[in-house]
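Written out below as structure tokens is the structure these notes cover.
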Amino acid sequence: MNKRMNLLVFSGDYDKAMAALILANTARELEVDVTMFFAFWGLFLVRDPEKMNNEDKTAYEKIMAMSTPKGPEELPLSKMNFAGVGKKMLLEMMDDHDAPHLIHFLKGARKKDVKFYACKLSVEIMGFKEEEFIPELEIVDAKTYLRDALDANMQLFI
Amino acid sequence: MNKRMNLLVFSGDYDKAMAALILANTARELEVDVTMFFAFWGLFLVRDPEKMNNEDKTAYEKIMAMSTPKGPEELPLSKMNFAGVGKKMLLEMMDDHDAPHLIHFLKGARKKDVKFYACKLSVEIMGFKEEEFIPELEIVDAKTYLRDALDANMQLFI
Amino acid sequence: MNKRMNLLVFSGDYDKAMAALILANTARELEVDVTMFFAFWGLFLVRDPEKMNNEDKTAYEKIMAMSTPKGPEELPLSKMNFAGVGKKMLLEMMDDHDAPHLIHFLKGARKKDVKFYACKLSVEIMGFKEEEFIPELEIVDAKTYLRDALDANMQLFI
């Protein structure tokens, strides 16, 4: 039986999402089964930027939808202003080494059959709709996450 | 034998504490044994807001005690200013969906026999006294945490 | 056979690095094998402050090298300005309790045979050279990290 890895992606930061997706892709190359559970700010990573639908949302939900990152490439760095090293500079340094951007790692994970879960409570509180996310995403409750995580060989909170 | 989950709560953020406590409560509903080990900023979550006692504290310890969050409801968001989404707005969005606030999840965890550990070194450095915390909290050293964590089925650093 | 702990140190914060190194040292005292994998901002912790070598670096790589923390004692707090509690105050509070500073925990981990890994992709993107790090550090790819982590009894993302 394959080994299994479970990642809880809580952060909505470009650099942390990059770490999570590089681990997910690499694990799949090692034939490790991977579950990614997106909660709170982590949901921004799996929004489909072309499928925003604000119909029937409350005023707060509209503000949430419109003022936050829509998909991987809009995520900020966790240390955006840290010592003046900005996201733009980091992206150019990645280009210098032909390192793929976040969107490519997300595409890779989708092709490689990573299991994408979203936290039901987070989705409800933020007012997102299922159709606003990438189609692979399944909205599940905390029990489903926990059962998956407890049976995995490793779990990280990112 | 029950499965076991161990959470190291390092962060003093409202949203991350919420994630930790939702996991703890849900795990108990699945009959999973839960240990929460509070270290550094995580200690703010388990302060009893009505039991501050600054007698015999140094000047720094008094500043620490008085200028930091006293209990769950005073914790800030990890992304307080992120895209202008503030804690107040998030709390109202939670109310719209009848989602309980952090204090209720903490009460739930206390009722459900979650094991509450605090990091001895953090407590000493910050100058807190045992009686300033919720009564369930036991102050232990890093070895006690590690032995518990190494025997658990999953461990997260939150 | 000994138990094993694997820590992925992503953060470049003084307080989180302290938590990671205290866990690493304590685990070694319990005869637990320890691997620390430093990625992204975590690399700053294992720079040797006396071995910076900017020859042949691009302009961005020079900025990265010079404007970021060089070794453990230059790391900032993750909550530097949080409620006005600064690193200087925390260090003095640590001194009041004879708690060692970060550099001592790093020295301890090096003496106690903790395995030090650095993320190859992070090192390349940031433009660091192997000789700029502490000599114990081995630069490895994500697969090497994952194989180590999957076989460990516990894994944390710090």
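Read-outs: derived from the displayed coordinates by stated rules, not from any lab. Since the model is a prediction, treat every value here as computed from it, not as a measurement. Here the Cβ is made from the backbone with ideal geometry for all residues, glycine too, and neighbour counts use every protein chain on show.
The dipole here belongs to chain C: it is taken about the Cα centre, uses +1 on the Cβ of Lys and Arg and -1 on the Cβ of Asp and Glu, and is about 300 debye. Taking a span of 20 Å or more along the helix axis (Cα atoms) and a mean Kyte-Doolittle hydropathy of at least 0.0 as the rule, the DSSP H helices of chain B that qualify are B:14-29.
Altogether, the Stokes-Einstein calculation at 20 °C and 1.002 mPa s, with the Kirkwood radius of chain A over Cα pairs as Rh, returns a diffusion coefficient of 132 µm²/s.
Label-point spacing at B:Lys143 relative to the other copies reads 4.1, 4.1 nm, in ascending order, each point sitting 7 Å out from Cα along Cα→Cβ.
DSSP beta bridges fully contained in chain C are about 5 percent antiparallel. Dipole magnitude for the protein assembly as shown: computed about the Cα centre from +1 point charges on Lys and Arg Cβ and -1 point charges on Asp and Glu Cβ, it is near 300 debye.
When chain A is treated as a Gaussian network with alpha carbon springs shorter than 10 Å, the biggest mean-square fluctuation among A:Glu130, A:Glu138, A:Glu92 belongs to A:Glu92. The range A:108-158 and the range C:104-147 have Cα centres spaced 31 Å apart. Estimated purely from DSSP H runs of n ≥ 4, each contributing -39500 (n - 2.57), the mean residue ellipticity at 222 nm for chain B is -11500 deg cm²/dmol once divided by its residues. Once the Cβ-Cβ distance of C:Ser67 and C:Met89 is raised to the sixth power relative to R0 = 22 Å, the FRET efficiency obtained is 0.35. All other residues whose Cβ lies under 9 angstrom from that of B:Thr68 are scored, Lys and Arg at +1 and Asp and Glu at -1, for a net of +1.
For chain B, a Gaussian network of Cα nodes joined below 10 Å ranks B:Lys57, B:Lys120, B:Lys143 by mean-square fluctuation, and the top entry is B:Lys143. When A:Asp48 is represented by a point 7 angstrom out along its Cα-to-C-beta vector, the spacings to that point in the other copies are 5.3, 5.3 nm, nearest first.
For the options C:Met126, C:Met18, C:Met66, a Gaussian network treatment of chain C with springs between C-alpha atoms closer than 10 Å singles out C:Met66 as fluctuating the most.
Would you work out the relative contact order for the range B:20-95, in percent, from Cα pairs under 8 angstrom that are 6 or more residues apart?
Answer for the range B:20-95 is 24 percent.
When C:Asp98 is represented by a point 7 angstrom out along its Cα-to-C-beta vector, the spacings to that point in the other copies are 5.7, 5.7 nm, nearest first.
Each Lys or Arg adds one and each Asp or Glu takes one away; over the other residues whose Cβ falls under 15 Å from the Cβ of C:Asp98, this sums to -3.
Of the two radii for the protein assembly as shown, the radius of gyration is 0.94 times the Kirkwood radius, both from the alpha carbons; that is the Rg over Rh value.
The residue in chain C that lies nearest, by its beta carbon, to the axis linking chain C with chain A is given here with the distance in whole angstrom as C:Phe157, 4. Only alpha carbons enter this Debye calculation for the range B:112-158, each as an equal point scatterer, and the log10 of I(q)/I(0) it gives at q = 0.13, 0.25, 0.28, 0.34 Å⁻¹ is -0.34, -1.04, -1.15, -1.26.
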